[in-house]
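Trainee: Got a structure for you, questions after.
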Amino acid sequence: MRARVTKRTFLRRLRLLPIAGAIGLLCAGYLLTLAGCSSGGLAGVPVPRDRCDLASLPRINAPQFAGAIPFEQCAIAWFGQVSPTRNYADIRVGYNAGELYVYVAIFDRHLWYDENPQAETLTQWDAVTLLIDTSGGERMSSSCWRFVAQLYGDRDQRYRAAYRGSVAGWQRVEVPFDAKPGWRGNALNNDDDTDRGWAMGFTIPFSSLQVAPPAEGTTWRLAILVHDRDDPRVAPTTYQAWPPAATQNSPLCWGILRFGLPTYQVAAQPTGYTVIRRPEQNSPLVPDADVGGVIANQCPGDEYHIWNEWGNRNYGNAPDFNIQNQSDVADWPCFSKYYVTFPLDSIPSGKTIVRARLTLHQFGNAGEPGQAKPSWIQVLIASADWREDAITWNNAPLAYENIGGSWVQPLAQHPGWPGVPRTWDVSYAVARAYALKQPLRLILYSADSDYHSGKYFVSSDTGDWNVEGRPKLEVWWADGR
C-alpha cells in the first residue's frame, strides 16, 4: 500500500531533540542583494523589491499553549529544495506564556561544524540564524534580535551567539536562550558517507527579548536563514531563507509572525449552499497532487534517488495520497504534503461566506496495527497557483499562512470505500479567496513527531466508482456583505 516508516539501522548515530518538557518554526530559498534589504556582503540572486511588500509576505500563525509546547501541534512552514547541494527545511513554531519555540529540521547531505568555534564565523559552517523584530517594523532598531546556532553534538555555549539591532548594526549581547541541536547520519565532519540531516530547536524567553508575553493577535517580524557547508575547505557564501527575500540586516523582507491562529465567525444565517468536487475522473476541476514520499518502494530509496530524483517527481494523477511528517529527520524521504485547488465560481457574487468545510476520505495509514498514532493535520493556504501535471516537492508553492488543523485518528483496518470522512474548518480560507476573487488553494501537512505517521486518503483522481471518496468542499453563504 504505502511506505512504512522505520528506523534506519544503517544510520549509526541518533541524536534527536526531545519533543516535550522543556520545549514549551519561496521555494528556492534564494539569496538576495536588495536596496533596503542588504545581505551583509553575501552574494546572491536579486529578487524584485515588490516581493517584500507587506501583503505578499508569508506568515506563520503560532498557536498558543498552556505549559509545555507540544511538538506535533506547532505551526508548520517550510522552504528550500532537496538536491545534492541545496537544503530543504521544515519550520515549527509555538509559544506559551513564557517563551517562543522555533524548530528547524534540515535535509542536508553533508554535516560540518567548526571544531574551534568563534562567534563571528558561526555561519561559515552548518548553522541556523533566527531573526526576530518585536516591533513588526521595516527598519533595523533595538527591537531586532539575531540568534545564531551552529550544528554540534552538544549544547556547547561556544556554538551560539545573540545580537541586538541598533542604528549602527548588530551588537553582540548576552541574553538567555536555548539552542538544542540534533542530527542523523553516519558521522559529523566526515565525508566518507552521506548523512540525512540535522535540526535546531530555539527556545527564546520573552524576557530575553525585553517584552511581555504577546497578546493574541500581536504581529512580529520573523526570518530564518539556513547556512550550509558541504566542503570542509570552502566556507559557504550563500544561504537559504524563509521568506526567500529575507536578509539579516533589514526586517523589511522578513515574514510575519502572528501570535494565535486566525479565526472566522459570521452571525448571519446561511441562505445558500454548494458542494464542490471533481465530477468525473477526467475532469480538470479540483486538481490535486501529493508531493514527497508517496511510493512505497522509493521510501526511503537509494542515495541517488533521494538526493537527485525524489524532490522532482510528479504524482498529480495518483488515485490516493499520503500526508506524513515526523521528528526523525532521517526519514524525510517518507515525508509528504498534499495540494488541492477548488474553484469558487459556483458561489454567486455579493455574498457573505458563513462557513466552509473540507472533507477528505481516509482509507489507511502507515505502520502495523497498533503502531500508528493520531496526527494533527494542518491546513494552509498556498501562496501561488500550480499545475497538477507538473507540481513536485521542489517547485510546489510555499504556504502563505497556516489556518488550523484537525486530529486524524489511525485506522485499525481498511474501512471499505469510500473511506472514513475527515473534516477541516476552512471558513477563513474560503472567505479570503472569495474576497480576492481567487480559487481556494489549500495545502495539508503535519508537524508530527511519531514514527508511522502517514495517513492515506482518496484523491480527485480516483475512479468514477468512488466519486463519494473524492475531496469535497462545502460552502454556506448569506445574502449581502
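The values are calculated or read from the model by the stated rules, or taken from the named source; none is laboratory data. Just so it is clear, the model here is predicted, and its values are computed rather than measured. Backbone-built Cβ (ideal geometry, glycine too); neighbour counts: all protein chains shown.
Trainee: Mind telling me which of the residues Ile224, Ile276 ends up being crowded, with 18+ Cβ neighbours inside 10 Å and within 30 Å of Gly480 (Cβ to Cβ)?
Mentor: The match here is Ile276.
Trainee: Additional query: Could you check the range 399-428 and list, in sequence order, the residues that are assigned to a loop (DSSP other than H, G, I, E, B) and either within 30 Å of Ile256 (Cα to Cα) or among the aliphatic types (A, V, I, L, M) (or both)?
Mentor: Of everything in the range 399-428, those that are assigned to a loop (DSSP other than H, G, I, E, B) and either within 30 Å of Ile256 (Cα to Cα) or among the aliphatic types (A, V, I, L, M) (or both) turn out to be Leu411, Ala412, Val426.
Trainee: Also: Kindly indicate which of Gln362, Gln413 is of a type in the set (S, T, N, Q) and either touching a helix residue (DSSP H, G or I) at 6+ places or on another chain (Cβ under 8 Å) or buried (at least 21 other Cβ atoms within 10 Å of the Cβ) (or both). So that I can check it myself, show each step before the final result.
Mentor: Numbers: Gln413 fails: either touching a helix residue (DSSP H, G or I) at 6+ places or on another chain (Cβ under 8 Å) or buried (at least 21 other Cβ atoms within 10 Å of the Cβ) (or both).
After ruling out the rest, the residue left standing is Gln362.
Trainee: Report whether or not Gly469 is farther than 18 Å from Lys337 by Cα and surrounded by 24 or more Cβ atoms within 10 Å (Cβ to Cβ).
Mentor: yes
Trainee: If you don't mind, another one. Would you say Tyr239 is hydroxyl-bearing (Ser, Thr, Tyr) and in the same structural domain as Arg139 (by TED's automatic domain parsing)?
Mentor: Yes.
Trainee: Out of (1) closer than 30 Å to Asp302 by Cβ; (2) of a type outside the set (Lys, Arg); (3) at pLDDT 95 or above, the odd one out for Val234 is which?
Mentor: Against the list (1) closer than 30 Å to Asp302 by Cβ; (2) of a type outside the set (Lys, Arg); (3) at pLDDT 95 or above, Val234 comes up short only on (3).
Trainee: Another question, then. Among the residues of the range 242-262, are any more than 30 Å from Val426 (Cβ to Cβ) and under 17 Å from the mean Cα position of the chain (by Cα)?
Mentor: Kept after step one, since they are more than 30 Å from Val426 (Cβ to Cβ), are these residues of the range 242-262: 247-252.
Then keep just the ones that are under 17 Å from the mean Cα position of the chain (by Cα); that gives none.
Scanning the range 242-262 turns up no residue that is more than 30 Å from Val426 (Cβ to Cβ) and under 17 Å from the mean Cα position of the chain (by Cα).
Trainee: Before we move on, is Asp290 more than 23 Å from Asn190 (Cα to Cα) and in the same structural domain as Gly419 (by TED's automatic domain parsing)?
Mentor: yes
Trainee: Of everything in the range 123-154, what is part of a loop (DSSP other than H, G, I, E, B), under 30 Å from Pro232 (Cα atoms) and at pLDDT 95 or above? Give them in sequence order.
Mentor: Once the filter is applied, which keeps residues that are part of a loop (DSSP other than H, G, I, E, B), under 30 Å from Pro232 (Cα atoms) and at pLDDT 95 or above, the range 123-154 yields Trp125, Asp126, Leu151.
For every residue, the table says whether it meets (1) modelled with pLDDT under 95; (2) crowded, with 24+ Cβ neighbours inside 10 Å; (3) part of a loop (DSSP other than H, G, I, E, B); (4) hydroxyl-bearing (Ser, Thr, Tyr).
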| site | (1), (2), (3), (4) |
| --- | --- |
| Pro46 | yes, no, yes, no |
| Asp50 | yes, no, no, no |
| Ala68 | no, no, yes, no |
| Ala77 | no, yes, no, no |
| Pro84 | yes, no, yes, no |
| Gly94 | no, yes, no, no |
| Leu100 | no, yes, no, no |
| Ile106 | no, yes, no, no |
| Thr121 | no, no, no, yes |
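Trainee: Would you pick out the residues in the range 140-173 that are more than 17 Å from Met200 (Cβ to Cβ) and under 26 Å from the mean Cα position of the chain (by Cα)?
Mentor: Ser143, Cys144
Trainee: Could you grab me the full set of residues in the range 350-374 that are of a type in the set (Gly, Ala, Ser) and farther than 17 Å from Gln409 by Cα? Show your work before the answer.
Mentor: At the first step, the residues of the range 350-374 found to be of a type in the set (Gly, Ala, Ser) are 350, 356, 364, 366-367, 370, 372.
Scanning the range 350-374 gives Gly350, Ala356.
Trainee: Tell me yes or no: at least one residue of the range 174-187 is among the aromatic types (Phe, Trp, Tyr) and under 25 Å from the mean Cα position of the chain (by Cα).
Mentor: Yes, because at least one residue in the range 174-187 is among the aromatic types (Phe, Trp, Tyr) and under 25 Å from the mean Cα position of the chain (by Cα).
Trainee: When residues of the range 367-378 are filtered for being small (Gly, Ala, Ser) and either touching a helix residue (DSSP H, G or I) at 6+ places or on another chain (Cβ under 6 Å) or in a strand (DSSP E or B) (or both), how many remain?
Mentor: 1
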